[in-house]
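Notes follow the structure.
Bear in mind these aren't lab numbers, they're just calculated from the coordinates by the rules spelled out. Treat the numbers as computed from the prediction; the structure is a model and nothing was measured. Because the Cβ atoms are built from the backbone with ideal geometry, glycine has one as well, and the counts that use them run over all protein chains shown.
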Amino acid sequence: MKKLLLVALFASLSLVACKKNQAPEETPAPAQTAAPAENTAQTAEKAGVLKGIISPENQKAYSEGQKAAYMAGTHIKDKNADCAGCHGETGLLDDSETQVNEGCVGCHGDLDEMAEVTAKGEINPHKSHLGKINCTACHGGHEPSAIYCNNCHSFDIKISSEGQKPLLKKIDIEKYKNASSDVVENVDVLVIGAGGSGHIAALTAKNNGASVILVEKMPIPGGNSQLAAGGMNAAETIYQKALNIPDTKETMFQDTMKGGKNISNPDLVKVLADNSAGSMAWLTSIGAKLSAVNMGGGATYKRFHAPEGGAAVGSYLVNIYKDVAEKEGLDVRLNSPAVKLIVDETGAVKGAVIDGKHSGPYEIHAKSVVLTSGGFSANPDRVVSYRPEYTGMTTSNQPGATGDGLDLAKEADADFIDMKQIQIHPSIAVGSGTLITEAVRGVGAIMVNHEGNRFYDELSTRDKVSAAILAQPGKTAYLILDDNIRKSLNQIEGYFHLNLAKEAPTLEELAKLINVPAENLVNTVKEYNKAVDTKKDKFDKKPQTLEKKVEKGPFVAIEIAPGVHYTMGGVKINTDSQVINSKNEPIPNFYGAGEVTGGVHGANRLGGNSISETVTFGRIAGAKAAENAAK
Ligand code: MEZ
């Protein structure tokens, strides 16, 4: 029905001639010259093409480098195409490109339908963990298309209108130092960054009666939360109780402090642990069920909560947040970077300047601003400025994780903490940016070096496991698992799907496949299986983590190497999620949550604590921001 409505809406708009469900053609488009500085609608108007048919003149304008006249390959060939079909009669696009995307869907079908007609091989770009996303996240109307997936993967996918370029979205905040605009909107709460923390803060503020705008610089929402694989830590949950897991908030507090080498802010860690079961209950209330409980690195008990069957936690949650946001009518604006904070003479934060992709700069005046813009693992320059030894390292992060929010916060005199504490995750699949979730080790995979020998406790903290891998010849290792372990976590099938895992019927054959001495691998596994029986391991793996033997073929190997995963440092906050300034005082009207903040994880974050942080501190920040706005 919805589809019919969309088609009807589209039909009423004097349309681009629709060829529904036509697969995009691989039409090479002429080379593009530099884009003009003005926005697309202005350029289009100047070029006089807004209402015209795509004409020879239009094509000529394109070939002369006028961006507005550039059309994605399929469209440029369509002599009957009409700009208003995508742009509407005004020609003005909203920054989220809602209308134009409705147009794409009206002509071509939705993602599911496109997945049917474009299925080529195993990898289907229209069916991914990113869930429902805009067509324009990848397909360009007036600029070459880009395969969003290839920011993290290296798929050999063809896309119409060339374009494979990575989408790193680093915003040069310095450039906007004096930015301002006469175009002003007013709102109670402005949330900057639509990842997990941002969605939760925005939804909470809205539920607490505030008007809310959530802005996101990327063309898709979700941030790094979208990529979170393993689980969410929480103690004393109903799911743990049902499994008789004797975990407590105090144990979670102690594990987190110890994992962070005791430099975390204990008040924040206490908030994290004490609220974790409540955060889980809140997730349940919005339809998220994280009832599978696994072991995470550095944890005393199983507290790593994931969807039943072991699906990736992040995309599962983010897709629920997006649905709730849509249902509740949350104002979410994509392609809308916050480029400057508005700070008054007393130091209070009053809003931000947004540079919308189509609308250009405008101001949002807000009674409260919540910063949830994420970390900076995808910004190698910034990472290396703190940790030169990480030069050239891969990352597991989405391309928007560049840390611009830190530069914004600096304008409001925010204080920073633990900036040098950057987490290296032990298991990024070699040759890709794909995280092999810690849950693989949590459900029983062992780790061997190129000699086929184990060398460390697989479930120690990430800093130690990473250092141990980097000390091995070749600086990579193999995860080895059997069919029982494989079947206990369905994300592992995904690694096969992505060509990152190898399998063989016997350990000897697997050894041959990965080029390690077979005798060593067989003996290593024998010795490990004995440790499972005796609960005594030569690398001191905790008895409760010695659960499953590696015994049933086919056997699986995944080559892994450490990569930049999480930035523990960030803006200083207090337990009310208020951002703290250089005089150690809360900055009026300014809140922060998630990876842009520091202090919760100290020198090393435990796996599963970041999703927990997004929910707990996202909710606190949203509630406090709404309360402040109501004053
Ligand atoms: O919290 C994380 O970073 C996490 C659980 C990652 C993973 O290995 O899945």
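How charged is the neighbourhood of LYS241? Take every other residue with its Cβ under 14 Å from the Cβ of LYS241, and add Lys/Arg as +1 and Asp/Glu as -1.
Spelling it out: positives minus negatives among the neighbours equals +1.
List the residues, sorted by chain then number, that are 5 or more residues from GLY608 or on another chain and whose placed amide H is less than 5 Å from its amide H.
Amide H to amide H, under 5 Å and 5 or more residues apart or across chains, GLY608 pairs with GLY231.
When Lys and Arg each count +1 and Asp and Glu each count -1, what net charge do the other residues less than 11 Å away from ASP457, Cβ to Cβ, add up to?
Net local charge, ASP457 excluded: +3.
With a sphere of radius 10 Å drawn around the Cβ of LYS583, what net charge do the other residues whose Cβ falls strictly inside it have (Lys, Arg +1; Asp, Glu -1)?
-3
Rounded to whole Å, give me the distance from the Cα center of the range 265-298 to that of the range 555-592.
17 Å
From the cross-link list LYS502/LYS536; LYS475/LYS502; LYS464/LYS538; LYS177/LYS583; LYS475/LYS552, which pairs have alpha carbons spaced over 21 Å apart?
LYS502/LYS536; LYS177/LYS583; LYS475/LYS552
If each residue's Cβ is checked for other Cβ atoms within 10 Å, how do ASP407, ASP323 rank with the fewest at the top?
Ascending number of Cβ neighbours within 10 Å: ASP323, ASP407.
Cut-off is 10 Å between beta-carbons; in what order do TYR362, TYR478, TYR321, TYR386 appear when sorted fewest neighbours first?
Exposure proxy ranking, most exposed first: TYR386, TYR362, TYR478, TYR321.
Among LEU214, LEU92, LEU513, which comes first, then next, by fewest other beta-carbon atoms within 10 Å?
LEU513, LEU92, LEU214
Under a 5 Å amide H to amide H cut-off, with H placed in plane at 1.01 Å, what residues pair with ILE342 once short-range neighbours are removed?
Under 5 Å from the amide H of ILE342: LYS350, GLY351, ALA352, VAL353.
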